[in-house]
């Protein structure tokens, strides 16, 4: 059997290790592409919130939910849906121990979704700590989602950075983890909430159906 010259053997080994090193990165990129497609699909679904802009008044809302509009009827350009949870102090029912508010702002340019803003505000009165995290996507329907900006403020100060700055390699998949473990779950939560809100408006004055949707929503938490 003919032996390969040493330099050719080294060249083949280097090529093998270089090619093998590409696979983890390729897998990570493919995973991110799948996550991005899921987010874009959710964006298209929650853009149905635009239908609510045509209601002069909303007849009913799920528990622990408020809605505010951007602009005045009938020329509204956006909607903010808020969900909140309040934990009273067990020692004093008139005092709030901990509160959390999460919301999503959807703005439209005509019929096109032009801005998505996610906001989470938590407050602990015992240690007098309030944190605020905001995620802004000003081009929600483009192919790249890594231009969204994350802003944070709390006891230790404030910071703001683009999603693209998070590490996403074989050692740390911070960007993929953020999309999978937080952002998609957040959008799914409000997707469900939005479906309940729209259904409540369509049922009109049917009290039994309204009661049913409220109970279903409450069974999902707040």
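A few remarks follow.
- Take the Cα of residue 55, go 7 Å toward its beta carbon, and the backbone nitrogen atoms of region 167-204 under 18 Å from that spot belong to 190-204.
- Added length on full extension, which subtracts the Cα-Cα distance from 0.36 nm per residue, residue 67 to residue 29: 10.0 nm
- Residue 174 versus residue 120: modelled label distance in nm, points set 7 Å from Cα along the beta carbon direction: 1.6 nm
- Label point distance in nm, residue 192-residue 45, each placed 7 Å from Cα along Cα→Cβ: 1.1 nm
- Label-point separation, residue 144 to residue 93 (7 Å along Cα→Cβ), nm: 5.6 nm
- Extension reserve of the residue 75-residue 130 stretch, reckoned as 0.36 nm per residue once the Cα distance is removed: 16.3 nm
- Each part gets one Cα centre, and for region 85-128 versus region 132-208 those centres are 14 Å apart.
- As a rough guide to protection, the peptides 170-183, 90-103 ranked by mean Cβ packing within 10 Å, highest first, stand as 170-183, 90-103.
- As a rough guide to protection, the peptides 141-147, 39-45 ranked by mean Cβ packing within 10 Å, highest first, stand as 39-45, 141-147.
All of the numbers you see were taken from the coordinates with simple rules; none came from a lab. Because the structure is predicted, anything quoted here is derived from the model rather than measured. No Cβ is skipped: glycine too gets one built from the backbone with ideal geometry, and neighbour counts run over all protein chains shown.
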